[in-house]
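Bear in mind that the values in this text are calculations on the coordinates, not laboratory data. Fair warning: this is a prediction, and the values are worked out from it, not measured in the lab. Every residue, glycine as well, gets a Cβ built from its backbone with ideal geometry; the counts of neighbours run over all protein chains shown.
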Amino acid sequence: MTAGIPSSRIDTSKPHPARVYDWLLGGKDNYPVDQEVAEKLPAEARANAARNRAFMHRASAWLAGQGVDQFLDIGTGIPTAPNLHQIVQAVTPGARVVYADNDPIVLRHAEALLVSRPEGATDYIHADVRQPDAILESAAELLDFGRPVALSLIALMHFLPDEQDPYGITRTLVEALPSGSHLVLSHGTADQHPELRRETESAYRKGAISLRMRTRAEVEPFFEGLELVAPGLVTAPEWYREEPAPVYERSGFYVGVARVP
Ligand SMILES: C[S@@+](CC[C@H](N)C(=O)[O-])C[C@H]1O[C@@H](n2cnc3c(N)ncnc32)[C@H](O)[C@@H]1O
């Protein structure tokens, strides 16, 4: 399904965030232009991507365990098993999951996201988060917005500069969710390794990808009006609900899960 943006072909002349991230995770769905950006990033970027993905696994499984059975994941990325629907349907086979991304390569691989368990359902929307109303309208074809939904914006909002209003877009999405819903968000930061900030920003800038890493004080407003669940707004390895705790290492991502009151 396409919402608001035309379906477009894969452009291998310019790097794309989904493909750079795929390279960082050890995937094969990337091109030399993407590898050029990824190789300029600090070596720690690979571990940071893996820790971010591991947070997505833990938070999604926890929410499914809490009885949440509807998920809207925007900025999905190239499918990397296990994907969100595989994680939540392992807990709740009937869970419904809608994915959305604006990158044509994710659309190309969307079939892998559409292999739902028969008890549940998945859908994919080719859409840009900067058009949140179009995403909500399409997502409503599979999700019932009269019941709680978990909205995930994982490693997405740092691609939106302040002037594109990432906070306002998040608010629009959250306001469409009923009480008992959750926001799951992770966001790039250089707070724990300020010495790597310049190298990271410059690698993306050279690839003409806008990257706005944010400080803790700048990430907090994404959760305005919501109730952060324990352990609150923390770095990726610090968010866990089940023992054993992941090994603590410094991280390039702040993460949080918050409930809509
Ligand atoms: C770093 S990847 C994160 C993938 C996945 N959420 C994860 O954390 O494992 C960021 C994803 O956001 C997508 N993205 C970037 N800007 C976007 C936008 N304006 N609208 C929708 N998706 C976007 C990219 O195409 C990419 O797939």
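Run the quick spin-label model on GLU201 and VAL115: label points 7 Å from Cα toward the beta carbon, then report their separation in nm to one decimal.
4.2
Please provide three numbers in whole Å: the alpha-carbon extents of the chain along the principal axes, with the largest listed first.
On the principal axes, the chain reaches 44, 40, 35 Å in Cα extent.
List PHE222, PHE71, PHE159 from most exposed to least, where exposure is judged by having the fewest other Cβ atoms within 10 Å.
PHE159, PHE222, PHE71
Sort GLU44, GLU36 so that the residue with the fewest other Cβ atoms within 10 Å of its own Cβ comes first and the one with the most comes last.
Values: GLU44 18, GLU36 15.
Listing GLU44, GLU36 from fewest to most nearby Cβ atoms yields GLU36, GLU44.
Relative contact order of region 217-260: what whole-number percent is it, with Cα pairs under 8 angstrom and at least 6 residues apart?
Reported as a whole number, the value is 47 percent.
Sort ILE125, ILE105 so the one with the fewest other Cβ atoms within 10 Å of its own Cβ comes first.
ILE105, ILE125
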